[in-house]
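The values are calculated or read from the model by the stated rules, or taken from the named source; none is laboratory data. Small disclaimer: the values here were computed from a predicted structure and weren't measured. Neighbour counts are summed over all protein chains in view; Cβ atoms, including those assigned to glycine, are modelled from backbone coordinates with ideal geometry.
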Amino acid sequence: MYTPGLCALDGWAHPAGIEGEITRGAEGLPTGKVAWEALLLDWIDRNTLAEATEFHYQFLADVSFRLLKSQPWDLFIIHLHPTDWMYHTWSRELDPHTAADTSRIPVWEELELRIYQQCDRALARILEAADESTLVVAVSDHGAKPAGPPFRVNDLLAEAGLLTYADDAKGGSATVSMLRKLGKRKVDWSRTKAYAQRYVHIYLNVKGREPEGIVEPGEEYERVRQQVVNLLYDYTDPQTGKKPIVLALKREDAPILGLGGPRTGDIVYAVDPYYGEEHGQTLPTAGWGIGNMTGLFIMAGPGVKQGEKIDRTVRLVDVVPTICHLAEWPVPAQCEGGIIYQALEDPNAKTRELDSLRRNVERLKRMVERPPMC
């Protein structure tokens, strides 16, 4: 028997007390990350995984439908994640470039299709609560590609003497190898100048900024930063002859990628799509094998073109201002995206409406200010 993670039944919803309505009468309880690791460990088979994801989708769809019907709402957002998890789990088995056994690709394709069909049924159930006046937007945050050979920037930093692990002097090579695979190696910050984390960010261990900083701000900071950029570009994979790094930028240049601010790395990099994980380390335009980073964007409702595919590249930051424009809501003060005018039936509808209102106001004003007739 496979048992997923336990769930708290209260204390996590707003307004307080609505948890009971969310869990009452639902088909089971939310199952978190379902059973993907169990499949990788051969604890369960593909059919059992599909059953677990079906429970997951059913719960989210049933709860969403019930809340939409019982609660007042202006904006409803639901996150459905199994289509992401499945590519992390078996994308390599779907692609003839990476599959361990290409004859079994159809078996994995069948499971892929089942997960998508479950997602479609969940969306259909949720949309039963919508009417002709509802604006509906379906959007994914990224695409996926098959996982390639791992490329660890921290290995380069360590070889260059810019990063030192405290566990290097402890235990044998087997212990270090295990810690490395688990991503749990302990850093000796007193001897570390740079460290990579969060997929594409490299942070310098700067004095006064980091708890155990050793890099002096100013001249040393710039020198070390340039050393890291050179290190990334100079490296060639001895196994393939490829250059894993396709782009390395200093923080002040990162806004061209939509990144910036104090949480952005001192250096931001992107990896050739041949390497790395299914998403996160490559440029948004990257593709390899049968996969790419292109996301999904579908929109329907009042004022939206129907049955058309637009040519424009839609960015994630464009979704919020477009919804605000159609719903006539205020745009968030820090919004960076643009309205997707190409998806609208009449991109100038709001302008014409304003012009009409202004003309009517002027006519009313003239009527009020007109001298009384004798």
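Here Leu6 clears all of (1) at pLDDT below 80; (2) in contact with a helix residue (DSSP H, G or I) (Cβ under 7 Å, 6 or more places away or on another chain); (3) of a type outside the set (Ser, Thr, Tyr) except the condition numbered (2).
Kindly establish whether Thr294 is under 25 Å from Thr351 (Cα atoms) and of a type in the set (S, T, N, Q). No, not satisfied.
Among residues belonging to the stretch 204-218 that are charged (D, E, K, R) and surrounded by 14 or more Cβ atoms within 10 Å (Cβ to Cβ), point out the one that is farthest from Thr164 (Cα to Cα).
Looking only at the stretch 204-218, we keep the residues that are charged (D, E, K, R), and these are 207, 209-210, 212, 216.
Next cut, surrounded by 14 or more Cβ atoms within 10 Å (Cβ to Cβ) only: 207, 209-210.
Numbers: Lys207: 17, Arg209: 19, Glu210: 16 Å.
Among them, the one singled out is Arg209.
Given Gly280, Gly276, which one is buried (at least 19 other Cβ atoms within 10 Å of the Cβ) and in contact (Cβ under 8 Å) with a residue 40 or more places away in the chain? One residue alone meets the criteria, Gly276. Name the residue that is farthest from Ala160 (Cα to Cα), counting only residues in the stretch 188-203 that are out of contact with any Asp or Glu (no Cβ under 9 Å at 6 or more places or on another chain) and surrounded by fewer than 21 Cβ atoms within 10 Å (Cβ to Cβ). Step by step, filter the stretch 188-203, then rank; the result is Arg198.
For the stretch 235-249, the criterion of being over 26 Å from Pro146 (Cα atoms) and modelled with pLDDT of 95 or more is met by no residue.
For the subset of the stretch 171-212 comprising residues that are assigned to a helix (DSSP H, G or I) and under 29 Å from the mean Cα position of the chain (by Cα), which member is modelled with the lowest pLDDT?
From the stretch 171-212, those assigned to a helix (DSSP H, G or I) are 173-182, 189-191; that's our starting set.
Cutting the leftovers down to under 29 Å from the mean Cα position of the chain (by Cα) gives us 178-182.
Numbers: Met178: 56, Leu179: 55, Arg180: 59, Lys181: 56, Leu182: 50.
Step by step, filter the stretch 171-212, then rank; the result is Leu182.
For Pro244, the requirement of being in contact with a strand residue (DSSP E or B) (Cβ under 8 Å, 6 or more places away or on another chain), surrounded by 15 or more Cβ atoms within 10 Å (Cβ to Cβ) and in contact (Cβ under 8 Å) with a residue 12 or more places away in the chain is met. Cβ separations smaller than 9 Å between residues 6+ apart or across chains give the following pairs from the stretch 228-240 residues that are within 13 Å of Val271 (Cβ to Cβ) to residues that are of a type in the set (Lys, Arg): Tyr233/Lys243; Tyr235/Lys243; Asp237/Lys243.
Could you look through the stretch 80-126, keep only residues that are in a loop (DSSP other than H, G, I, E, B) and in contact with a Gly (Cβ under 9 Å, 6 or more places away or on another chain), and pick out the one that is farthest from Ile290 (Cα to Cα)? That would be Thr98. One residue stands out among those in the stretch 9-31 that are at pLDDT below 80 and outside any loop (DSSP other than H, G, I, E, B): the one that is surrounded by the most Cβ atoms within 10 Å (Cβ to Cβ), which is Ile22. Residue count for the stretch 32-69, restricted to those that are in contact (Cβ under 8 Å) with a residue 24 or more places away in the chain and in a helix (DSSP H, G or I): 26.
Exactly one residue out of Arg209, Arg191, Arg198, Arg225 is among the charged types (D, E, K, R) and either farther than 28 Å from Pro244 by Cα or outside the structural domain of Pro255 (by TED's automatic domain parsing) (or both): that is Arg209.
Only one of the numbered conditions (1) more than 30 Å from Thr134 (Cβ to Cβ); (2) assigned to a helix (DSSP H, G or I); (3) at pLDDT below 95 is not met by Met1, and that is (2).
When Val304, Val319, Val361, Val368 are checked against the criterion of being closer than 30 Å to Asp253 by Cβ and β-branched (Val, Ile, Thr), Val319 stands alone in meeting it.
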